[in-house]
Amino acid sequence: MTATAHDVIIAELPALLPRLWRYGLVLSRDHATAEDLVQATCVRALERSSQFAVGTRLDRWLFSILRSIWINQLRAQKIRAGHGLIDAEEALVIEGAEQIETNIFAAQVFRQVQMLPETQRETVFLVYVEGLTYQEAASVLNVPPGTIMSRLAAARLKLRNLREQAGEGFQEK
Amino acid sequence: MVARSEDIGTDALLVAYLDGELEPKAHEELERRLRSDAALRARLTELAEGVRPIRASLDVLLKAAPRPRLEMAFASAVVKATRRDRRYRRLLVAAAAALLLLLGGAAGYFIAKPPAELLEEAGGDEDQWIDAVVGQMSLYDAASVAAIEVDETKQKAELAKVGQALNLYLSEPMVTLEGLTLKRAELLSFQGHQVAQLLYASDEHGPVELCIMAQPGGESEGEVESREGLNFIYWAAGGHRFLLIGAAPANRIDALADKVAARFGT
């Protein structure tokens, strides 16, 4: 018996929840909105399960849905409510003292990424964090691949500036 | 892989090169250029920010994800979706409600805007209405309901609107219950009937909900029953059906119901 799209979504979505939340957080820069985005994405994914092609990447499909909800619904609300940047350290609070050293640096990097304008920020996130190819990112973001490249170039330069301002010597590990 | 190199600007080209996204021919061509062009090499260095720290930092963030709440969000989406599918209805709703309760204890998840569709279903008997409300109530927890901020003016307006839709006079004295704080008054829909839903917070026990449906008939009296860890009682009077439900002791639900019945009784 072949699985229906609905079955696949029910089975595989739970494992993807943290990544969806993370994307929601990168987009909205607000914890409550990120959770709202995840919930709304789950609802819509199940409602539109017939539109998912079994065998294709579920995560990419869900990212598109989440983004669409952000753009069309929640972003306007959030702008009206006047939310600002979330505190980078707050976002990275994790138990375990051994994590602290990593976290301070991670917090700095995260803060810098969150300072990027939204289009650059989400392009950096999809390509450099979620590992989408330029073509996949272009598809999720509904832009030509050329735009992906120029955004990434602009983002790299901006991050470099931010790092220099922060006085960090940068080392690739 | 991207289109031909002459289609895009130099920076974009260099970044595509760094990310391994150039077609082999374009990649080779650029490497040739880099070998002989110092300025181009300098530009490449400027753009060559390591992306691994970005990835590493955002991966740390994954560990901070509020998993129980996200799982709750998913479970509630499943309940909502299966309510629409008659094949699964009873079995999966029960399983999902149990799952929600299991997660509910530690999770503290609260849906800020309960979807009106949660109460929509085809069918006619008391049981389904109660099932739907039980499913919805099991998503709430005391702390989040208590945390809802009440705007007095807005609440008055909500009560007026809800009361009007149900042809009931929902003044403040009518809806004030001792030991409870009215947090929300909403108008939902069930099988085409309007349902007033008043959500209360309590200091002593879990949230309580009073639902009033504009539909005559139904059982005229009731006794406190229990389902999924919630106590509830339902009755009918004056062209309306009432359901009082909450994470509260049975005698408390009973006492509250007496009060409400006395106020709204014909």
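Each value in this text was obtained by applying a stated rule to the coordinates, not by laboratory testing. Since the structure is predicted, the reported quantities are computational estimates derived from the model, not experimental observations. With ideal geometry, Cβ positions are generated from the backbone for all residues, glycine too; neighbour counts draw on all protein chains shown.
Near the amide H of B:Gly239, within less than 5 Å, lie the amide hydrogens of B:Gly217, all on another chain or at least 5 residues away, with H placed in the peptide plane. Quick one: which of B:Lys156/B:Lys259; A:Lys158/B:Lys63; B:Lys80/B:Lys156 span more than 24 angstrom between C-alpha atoms? Those over the limit are A:Lys158/B:Lys63; B:Lys80/B:Lys156.
Sort out for me the Cα centre separation of the range A:107-159 from the range B:194-265, rounded to whole Å. Between the Cα centres of the range A:107-159 and the range B:194-265 lies a distance of 52 Å.
With Cα atoms as the point set, the radius of gyration and Dmax of the range B:197-266 evaluate to 11.5, 34 Å. For the range B:133-214, the extents of the C-alpha atoms along the principal axes are 32, 29, 19 Å, listed from largest to smallest. Under the simplified labelling scheme, the B:Lys156-A:Leu157 pair shows an inter-label distance of 5.8 nm, with each label point 7 Å from Cα along Cα→Cβ.
Anisotropy class assigned to the range B:127-266 is rounded, per the alpha carbon gyration tensor with a/c under the 1.5 cut-off. Here the gap between A:Met115 and A:Ala76, fully extended at 0.36 nm per residue and compared with their Cα-Cα distance, gives a gain of 12.1 nm. On the principal axes of its alpha carbon atoms, the range A:10-80 extends 39, 21, 15 Å, with the longest extent given first. Between the amide H of B:Phe190 and those of B:Val195, distances stay under 5 Å, these residues lying 5 or more places away or on another chain, with hydrogens modeled in the peptide plane.
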